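The values are calculated or read from the model by the stated rules, or taken from the named source; none is laboratory data. Treat the numbers as computed from the prediction; the structure is a model and nothing was measured. Every residue, glycine among them, receives a Cβ derived from its backbone with ideal geometry; neighbour counts consider all protein chains shown.
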Amino acid sequence: MANPKKKVIITCAITGSIHTPTMSPYLPITADEIAAAAIGAAEAGAAIVHMHAREPANGLPSQDPALFKEFLPAIKATSDVVINITTGGSPLHSLDERLAPAHQFKPEVASLNMGSMNFGAYEMLDRFKEFKYDWERPYLAGSEDRVFRNTFKDIAYVLASCSDNGTRFEMECYDIGHLYNAAHFLDRGLVNEPLFIQSVFGVRGGIGAHPEDVLHMKRTADRLFGTDYQWSVLGAGTNQMPIATQSIGLGGNARVGLEDNLWIGKGQLAKTNAEQVTKIRRLIEELGLECATPDEARTMLRLKGKDNVAF
């Protein structure tokens, strides 16, 4: 097991592609909103910010590099935070579309989903009678019959095409088989240690959010990767803080943010990403641990440094 006294990396996922604008007026949509949210999360204690982009007119998830270019330099100029760019985008984007921002901007970290899966968001439809934008209802409803494609060939292409850029990966594991997929690509020499494993709990189509599920993921990752890896978790929706707290107790790291959960408490929408960072930071410190700074996270993950990106 990892040493529970190590520094804890907080990742904050700023806007994502799951939630739609109707669900919260506080979901960052425009470039200025996304940049301000990321900077605020960093100031609150996040060492890494995980970035998606959206069309500013209607909040539709987008992988257009031009939209990323509107906020990435502003974040870098204002903060030392590690910037993590998605290669997941949304299930509606092609692989080339999903990869375009990472290829152009050569970030220190990019996310990478470790397998194809059903990714169901359709249950959120029942919570809303009307939607602000026309795209929201079919986007959610379509997830009942949609497969998020991430084949072995796709994953190998992502890894190989980014290898010359020195980008390392946050490997998104939604189920136990995804851990074995990560081990497979490690055996093939397409990734190098230390792996950054992000276990995802509570998404319809992936592993559940029971404490035993968390323990199963951690035990399996420990067996596959030994001690030379970093383990982090994200819990979807109301699972966010309980699972983050369990991870911290197990010597792991934690991800929060409005991509994963729109709430800060029962019946209370989070107004900022920073609120969630502040809450998990308080829990970390009350457990007698310390939050990693961005530079400490760079050392832990062996990143190339903020001056070696292309934005």
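Yes or no: ALA270 more than 22 Å from HIS178 (Cβ to Cβ), in contact with a Ser or Thr (Cβ under 9 Å, 6 or more places away or on another chain) and surrounded by 16 or more Cβ atoms within 10 Å (Cβ to Cβ)?
yes
Return the residues of region 273-311 that are touching a Pro at 6+ places or on another chain (Cβ under 6 Å) and loosely packed, with under 13 Cβ neighbours inside 10 Å; say none if nothing qualifies.
Result: no residue meets the conditions.
For the structure I just gave you, tell me whether GLY115 is buried (at least 22 other Cβ atoms within 10 Å of the Cβ) and at pLDDT 95 or above.
yes
Among (1) at pLDDT below 95; (2) crowded, with 22+ Cβ neighbours inside 10 Å, where does ARG127 come up short?
The one condition ARG127 does not meet is (2).
What is the residue count in region 143-192 for residues that are without any contact (Cβ under 8 Å) to a residue 40 or more places away in the chain, assigned to a helix (DSSP H, G or I), over 24 Å from ALA310 (Cα atoms) and of a type outside the set (A, V, I, L, M, F, W, C)?
5
Here is a list of conditions, (1) of a type outside the set (Ser, Thr, Tyr); (2) in contact with a strand residue (DSSP E or B) (Cβ under 7 Å, 6 or more places away or on another chain); (3) closer than 30 Å to LEU301 by Cβ; (4) at pLDDT 95 or above, and ARG149 meets all of them except one; can you say which number that is?
For ARG149, the failing item is (2).
Pairs, please: C-beta under 6 Å, at least 6 apart or cross-chain, first residue on the phi > 0 side of the Ramachandran plot and in region 220-247, second buried (at least 19 other Cβ atoms within 10 Å of the Cβ)?
Filtered contacts from region 220-247: GLY237/ASN261.
For region 265-286, which positions are assigned to a loop (DSSP other than H, G, I, E, B) and modelled with pLDDT of 95 or more?
ALA270, LYS271, THR272
Identify, please: which residue in region 76-99 is within 12 Å of GLN63 (Cβ to Cβ), surrounded by 19 or more Cβ atoms within 10 Å (Cβ to Cβ) and of a type in the set (A, V, I, L, M, F, W, C) and is, among those, nearest to the chain's Cα centre (by Cα)?
That would be ILE85.
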